[in-house]
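Below is one structure, written out as structure tokens; the observations come after it.
The values are calculated or read from the model by the stated rules, or taken from the named source; none is laboratory data. Keep in mind the model is a prediction, meaning the values are calculated, not measured. Positions of Cβ are backbone-derived with ideal geometry, glycine not excepted, and every protein chain shown enters the neighbour counts.
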Amino acid sequence: MSKEETFDENIILKVDDLHTYFFTEDGVVKAVDGVTFDVQRGEVLGLVGESGSGKSVTAMSILRLIPQPPGKIISGDVLWKGKSILEVPESGMRSIRGNQIAVVFQDPLTSLNPVLTIEDQINEAIMLHQQVTKDEATEKTRTLLDLVGIPDAGKRLKDYPWQFSGGMRQRVMIALALSCNPDLLIADEPTTALDVTIQAQVLDLMRDLKNRFQTSIILITHDIGVIAEMCDRVAVMYAGNIVEIGDVVTIFKEPKHPYTKALLKSIPDANARRDDELYSIPGTIPNLINPPTGCRFHPRCSEAMPECSEIIPDTIELVPGHFVKCLLFTNQIKKK
Ligand SMILES: Nc1ncnc2c1ncn2[C@@H]1O[C@H](COP(=O)(O)OP(=O)(O)OP(=O)(O)O)[C@@H](O)[C@H]1O
Ligand SMILES: [Mg+2]
């Protein structure tokens, strides 16, 4: 059966054994090395992992925005509504990016055009994809700014990006992302640059949008605390692999992968004393040109067995929907 015949209406995005490498002077960076997950309609999927684990490269691969060279999607597939995006011509891809999949990055100043007013840039996005007059576009822009909680939206239309605070700028970015009524919003560290109170407000806004419009969201963060508040499911990434994936309650209550457990230990505990030292995972994320053999986490793993440096664990489904890539849960050792 072909992939399209097995297409499930509820699965809006399917990332299938994706490999994205960078060919650099120092060697081949295996940034994303066999990543598989899907996103259902209306769900928030969290992608979490330390810096350098391949979260942004995964997102950029989905959008087909990997700079080539040095990067390249080597193998695997990304199915958007059942169709491979790897086969879509660039013009079609531009239309998917503008119309169906929107993205919000950490620093909106780099994504907003500094010489255009907010009205002009959101209008431009609307008019590019929708048959509306300039006045209708402006009205839609004002409504969107209202929706994302920008006070006095009507008056702020003529302002430039730098005239907004960090939190307000991130709201403008979200308004811009929503201007095309996307089916999927990819938010890559959307609140990392913001202070804690503003961070909470922006997350509330995203949750509200998901509830109102059934927008699917991929929320990328290195902060597993944010995942708990926002996500339905979570995929934990380490050194270019997904090591565990499941629904948020299961992952938080019964994490299985030693890396997930370590990440959870590093969340600040509300009851902890202020001078308690926060746990941090020993060691650093490996160089992805020469990653460790076997399980990539084994050099840092407190539960590593001798075999872990030799065997790359299969990903197995422990209970429906809960997958883990760790030798502790497979019978690969016995088989050997
Ligand atoms: N243009 C590039 N050229 C070479 N290597 C790259 C390039 N872009 C990313 N990489 C490498 O790919 C790996 C994964 O990077 P990625 O940006 O996806 O990490 P991340 O999980 O998003 O980290 P962070 O939390 O810091 O954003 C890293 O080793 C990074 O150095
Ligand atoms: Mg990143």
| Which number in (1) surrounded by fewer than 19 Cβ atoms within 10 Å (Cβ to Cβ); (2) at pLDDT below 95; (3) touching a helix residue (DSSP H, G or I) at 6+ places or on another chain (Cβ under 9 Å) marks the one condition that K3 misses? | (3)
| request: Scan region 142-162 and report the pairs whose first residue is over 16 Å from I174 (Cα atoms) and whose second residue is of a type in the set (D, E, K, R) and modelled with pLDDT of 90 or more, with Cβ atoms within less than 6 Å and a gap of 6+ or a chain change. | output: G154/R142
| Failed condition for N181, given (1) modelled with pLDDT of 90 or more; (2) of a type outside the set (A, V, I, L, M, F, W, C); (3) out of contact with any helix residue (DSSP H, G or I) (no Cβ under 7 Å at 6 or more places or on another chain) | (1)
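Inside region 106-135, can you point out the residues that are assigned to a loop (DSSP other than H, G, I, E, B) and under 24 Å from I220 (Cα atoms)? Full working, then the answer.
Within region 106-135, the first condition is being assigned to a loop (DSSP other than H, G, I, E, B), and the residues that meet it are 106-107, 112-117, 130-133.
Of everything in region 106-135, those that are assigned to a loop (DSSP other than H, G, I, E, B) and under 24 Å from I220 (Cα atoms) turn out to be Q106, D107, L112, N113.
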| said: Cβ-Cβ under 9 Å, sequence separation 6+ or interchain: first residue in region 197-218 and touching a residue at least 40 places away in the same chain (Cβ under 8 Å), partner acidic (D, E) and buried (at least 21 other Cβ atoms within 10 Å of the Cβ). Which pairs? | reply: Q214/D183; T215/D183; S216/D183
| query | With respect to the numbered conditions (1) assigned to a loop (DSSP other than H, G, I, E, B); (2) buried (at least 16 other Cβ atoms within 10 Å of the Cβ); (3) touching a Cys at 6+ places or on another chain (Cβ under 9 Å), which one is the sole condition not fulfilled by E303? | reply | (2)
| query | In region 166-196, which residues are under 11 Å from V104 (Cβ atoms), among the hydrophobic types (A, V, I, L, M, F, W, C) and without any contact (Cβ under 8 Å) to a residue 40 or more places away in the chain? | reply | none
| request: Give just the number: which of (1) under 27 Å from L145 (Cβ atoms); (2) within 16 Å of ligand 2 (Cβ to nearest atom); (3) outside any strand (DSSP E or B); (4) modelled with pLDDT under 95 does V103 not satisfy? | output: (3)
| said: Let me spell it out: the conditions are (1) within 28 Å of L65 (Cα to Cα); (2) away from ligand 1 (no atom under 16 Å from the Cβ); (3) without any contact (Cβ under 8 Å) to a residue 40 or more places away in the chain, and T110 meets all of them except one. Which number is the exception? | reply: (2)
| said: If I ask for residues that are within 14 Å of L45 (Cβ to Cβ) and in a strand (DSSP E or B), which ones from region 219-242 would you list? | reply: L219, I220, T221, R233, V234, A235, V236, M237, I242
| task | Answer yes if at least one residue in region 204-217 is polar (S, T, N, Q), in contact with a helix residue (DSSP H, G or I) (Cβ under 9 Å, 6 or more places away or on another chain) and assigned to a helix (DSSP H, G or I), and no otherwise. | result | no
| field | A177, sole failed condition from (1) surrounded by 22 or more Cβ atoms within 10 Å (Cβ to Cβ); (2) within 16 Å of ligand 1 (Cβ to nearest atom) | value | (2)
| query | Taking region 19-43 as the search range and keeping residues that are outside any strand (DSSP E or B) and under 18 Å from L219 (Cβ atoms), which one is nearest to ligand 1 (Cβ to nearest atom)? | reply | E43
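Within region 44-78, track down each residue that is away from ligand 1 (no atom under 16 Å from the Cβ) and either assigned to a helix (DSSP H, G or I) or surrounded by fewer than 20 Cβ atoms within 10 Å (Cβ to Cβ) (or both).
The first filter runs over region 44-78 and keeps only residues away from ligand 1 (no atom under 16 Å from the Cβ), leaving 44, 75, 77.
Scanning region 44-78 gives S75, D77.
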| remark: Given (1) surrounded by fewer than 18 Cβ atoms within 10 Å (Cβ to Cβ); (2) part of a helix (DSSP H, G or I), T138 misses just (1)
